[in-house]
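Right, one structure below, let's go through it.
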Amino acid sequence: MQKELIYTLYERFWHWLQAVMILTLLFTGFSVHYSGSAGVISFATAVRLHNVVGWLLVINAFLGFFYYVTTGTVRQLIPEPRELHVLAWRQLRYYLYGMFHGEPHPLQRSRQRRLNPLQQLTYLAILNILLPIQVVTGVTLWFMQYSPELMHRVGGIGNLAAVHMLGAWFFAAFVLAHIYLATTGPTPWRHFVTMITGYEIVEEPSAGDATSAQQNEIA
């Protein structure tokens, strides 16, 4: 067994900052939507905080995109097309059956390969579909207060707010699933500790394992 650096300091800082902002946006967004019944914070406070954090999240997302592209880490998000369906099925089977019966994880994480195929597909969908929808609808809703004409062009605030709210529910579902799956490591806290310290304890492959892995890659 050996320790391996999985996440750099910036990646960990970016992750936790993004997590705090997403949770804040969910809280303030639901407070705005259900302001008549929730009553946790005032409508005006929720709107101001939601707007400020929303812009900060856009800036942080752009900085993260710049970092991942310039460092080449963005390749972590791109699945290998070869045998993708087989690898995705193995991971799905592990989530539904294997981890409840003590089977080993089908993927040994490393600095070069941190995400399994299902994670890659999920993050690609979030970054290329869900996040852009939330940003576009959110920014448009923000501009509506300064441009009544824009409200008429998009068919009114109700339709746009409904799309934005639906995206928020998808984000909330992702956050819950993300937190749950983070507890399914060797111990419930292992993955959380890794995201704090950056290091993960991995099993150093033997010569036989390395040869077998190379043969599997060739096959």
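(1) within 21 Å of residue 52 (Cβ to Cβ); (2) open to solvent by 50 Å² or more (accessible area, probe 1.4 Å); (3) assigned to a helix (DSSP H, G or I): which one isn't true of residue 146, the others all being true? Condition not satisfied by residue 146: (3). Only one of the numbered conditions (1) open to solvent by less than 50 Å² (accessible area, probe 1.4 Å); (2) in a helix (DSSP H, G or I); (3) more than 20 Å from residue 176 (Cα to Cα) is not met by residue 48, and that is (1).
Note on region 106-122: among residues that are open to solvent by less than 50 Å² (accessible area, probe 1.4 Å) and in contact with a helix residue (DSSP H, G or I) (Cβ under 8 Å, 6 or more places away or on another chain), the one that is modelled with the lowest pLDDT is 107.
Could you list all residues from region 1-45 that are of a type in the set (Asp, Glu) and open to solvent by less than 40 Å² (accessible area, probe 1.4 Å)? Result: 11, single match.
Going through (1) surrounded by fewer than 13 Cβ atoms within 10 Å (Cβ to Cβ); (2) part of a helix (DSSP H, G or I); (3) more than 18 Å from the chain's Cα centre (by Cα); (4) among the basic types (Lys, Arg) one by one, residue 90 falls short only on (1). Just wondering, is there one or more residues in region 125-134 that are open to solvent by less than 50 Å² (accessible area, probe 1.4 Å), touching a His at 6+ places or on another chain (Cβ under 6 Å) and in contact (Cβ under 8 Å) with a residue 24 or more places away in the chain? No, that holds for no residue.
Taken over region 54-74, the criterion of being open to solvent by less than 40 Å² (accessible area, probe 1.4 Å) and either within 17 Å of the chain's Cα centre (by Cα) or closer than 17 Å to residue 132 by Cβ (or both) is satisfied by 54, 57, 60, 61, 64, 73.
The values are calculated or read from the model by the stated rules, or taken from the named source; none is laboratory data. The structure displayed is predicted, hence computed values, not measured ones. Because the Cβ atoms are built from the backbone with ideal geometry, glycine has one as well, and the counts that use them run over all protein chains shown. These area figures cover heavy atoms from the full protein model, side chains too; ligands, DNA and RNA do not enter into them. Shrake-Rupley method; radii C 1.70, N 1.55, O 1.52, S 1.80 Å.
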